[in-house]
Structure formats: C-alpha cells, structure tokens
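Here the structure comes first, spelled out in structure tokens, and everything after it is commentary.
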Amino acid sequence: MILHQILRLSSIFRTAVSIHLRRNIGLSAIVFNKTKELDPVQKLFLDKIREYNTKSKQAGGPVDAGPEFQKDMNESLARLQRAYGEGDLTKFPEFKFE
C-alpha cells in the first residue's frame, strides 16, 4: 500500500521504475535466448569456424595455403620492411610511453 502511494505521488519515480523494468526485461530476453538451441544455419556457421580453428592450429598458419601464398606473403613483408624500416612485421608493436 505504501508503495502504491509513492508511485501515485511521484511521476518521476514512476518513470524511472518503468525504464528500469523495461531494461531488465530486455536483458532477460537476451539471456533466455542464449540458452535456447541455435538455429541450423547458426550452428553450421559456428561448426565451420571451430573446424577452421582446429585445422589452423594443426597447420600452424592459414589452412589450405599453398606455396604461392607463402611466396606472396614473403614478398609483401619484404616490401613493407623496405618501406617502413626494421622490426618484426608479423607481431603487434609494443608501445612505450614515458
């Protein structure tokens, strides 16, 4: 009963509560959707990504890449090395701020 009187007296409070409840209901819907089974297309897509990840870990690099790909990769790295100087171009750079 007291809650009912508070809601009746304060339109600002009522608006805040309704927004809060709508947000919680929206988040609950997302959580419940994640627990459901995926549709067949999503499942197939995720299976292919996982399969590619496994194959790339076994191969140690890109999957089904022939010698031509490696040749192009080496040429591109050499060209970038000449243009931008020294350093390992296959690693993310380390930044040091003083």
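Give the ranking of K48, K96 by solvent-accessible surface, highest area first, calculated with a 1.4 Å probe.
Highest to lowest solvent-accessible surface, that is K96, K48.
What does the accessible area of Y52 come to, in Å² to the nearest 10, when a probe of 1.4 Å is used?
120 Å²
The values are calculated or read from the model by the stated rules, or taken from the named source; none is laboratory data. These figures come from a predicted structure and were not determined experimentally. Keep in mind that these areas ignore ligands, DNA and RNA; they rest on the heavy atoms of the full protein, side chains included. Shrake-Rupley method; radii C 1.70, N 1.55, O 1.52, S 1.80 Å.
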